[in-house]
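S.K.: Right, I'll just put the structure down here and ask away after.
Just so it is clear, none of the values below were taken in a lab; they were calculated from the coordinates. Everything numeric in this text was worked out from a predicted model, so none of it was measured. Here the Cβ is made from the backbone with ideal geometry for all residues, glycine too, and neighbour counts use every protein chain on show.
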Amino acid sequence: MKGTNTGIRLTLIKADEWDGNDGKRHRREQWAITGGEVSSKWSRKTDSMGRDLGPHEPGWEPSSRFTLWVVDDHVDPRLASYGGAVWPTAWTDLFQAKHQGTRQATVEITDKGLMFRAAALDGASDMYADVRLL
């Protein structure tokens, strides 16, 4: 696979697998995402009220962690947890907010995000597939 380097690094931090009482194979994946271009909403420091505090320190790099659930090799697109210097939605092509302002509000990984995940799991060695747009 060839592509353009996005500067994004997607790293699998930890994966736990088990057979559930439901007869299905369960997997919890904890990921870290760093680098790349992020939404302008996250490109500057803000306080808890969203007020602009100016530019980030020199060398600052966006980063976040998130958890995905996989059941019988089917990835649930809803993130089970997330957090970090920015939220995953800072990478607008890879994550999206759904049902904002409701009890069902979620952040989901997009199809492109799933492609990055697959490339990271494949470990493409010649190009770091997880950091390149396909």
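S.K.: Once fully extended, how much extra length lies between A80 and D122, figured as 0.36 nm per residue of separation less the alpha-carbon to alpha-carbon distance?
M.R.: Contour length minus the Cα-Cα distance gives 12.9 nm.
S.K.: Tell me the angle of helix 111-122 to the major Cα principal axis of the chain, expressed in degrees between 0 and 90 and rounded to the nearest ten.
M.R.: Between the helix axis and the principal axis of the chain, the angle is about 70 degrees.
S.K.: Separate question: In terms of modelled amide H atoms, which long-range or inter-chain residues lie less than 5 Å from the amide H of W91?
M.R.: Excluding prolines and chain starts, which carry no amide H, the hits are S39.
S.K.: Right, next: Within 10 Å of each candidate Cβ there may be at most 16 other Cβ atoms; applying that plus a DSSP loop requirement, which trypsin sites (Lys or Arg not before Pro) in the range 30-86 survive?
M.R.: Those satisfying the criteria are R51.
S.K.: Sticking with this one: Once a ≥ b ≥ c are taken as the square roots of the eigenvalues of the Cα gyration tensor of the chain, is the result rounded (a/c under 1.5), prolate (a/b larger than b/c) or oblate (a/b not larger than b/c)?
M.R.: Cα axes put the chain in the oblate bin.
S.K.: Could you run the Karplus curve 6.51 cos²θ - 1.76 cosθ + 1.60 with θ = phi - 60° over the range 71-83 and give me ³J(HN,Hα) per residue in whole Hz, x for Gly and Pro?
M.R.: Those phi angles translate into 10, 6, 6, 9, 7, 6, x, 6, 6, 6, 7, 6, x Hz.
S.K.: Report the gain in length on full extension from S63 to T92: 0.36 nm times residue separation, minus Cα-Cα distance, nm rounded to one decimal.
M.R.: Extra length available between S63 and T92 comes to 9.1 nm.
S.K.: Step through the residues of the range 93-102 one at a time and calculate ³J(HN,Hα) from phi using the Karplus curve (6.51 cos²θ - 1.76 cosθ + 1.60, θ = phi - 60°), rounding each to whole Hz and writing x for Gly and Pro.
M.R.: Running phi through 6.51 cos²θ - 1.76 cosθ + 1.60 with θ = phi - 60° gives 7, 9, 9, 9, 7, 10, 6, 4, x, 10 Hz.
S.K.: On to the next question. Name the residue, out of D52, D111, D22, whose mean-square fluctuation peaks in a Gaussian network model built on the chain with Cα pairs under 10 Å.
M.R.: So, out of D52, D111, D22, the one fluctuating most is D22.
S.K.: With N residues in the range 27-79, what two-decimal value do you get for its Cα radius of gyration over 2.2 N^0.38 Å?
M.R.: Compactness ratio reported: 1.53.
S.K.: Would you calculate, for the chain, the mean residue ellipticity at 222 nm contributed by helices, counting each DSSP H stretch of 4 or more residues as -39,500 (n - 2.57) and dividing by all residues, to the nearest 500?
M.R.: -3000 deg cm²/dmol
S.K.: Give me the one-decimal nm value for the distance between modelled label points at T11 and R103, 7 Å along each residue's Cα-to-Cβ direction.
M.R.: If labels sit at T11 and R103, their model points lie 3.9 nm apart.
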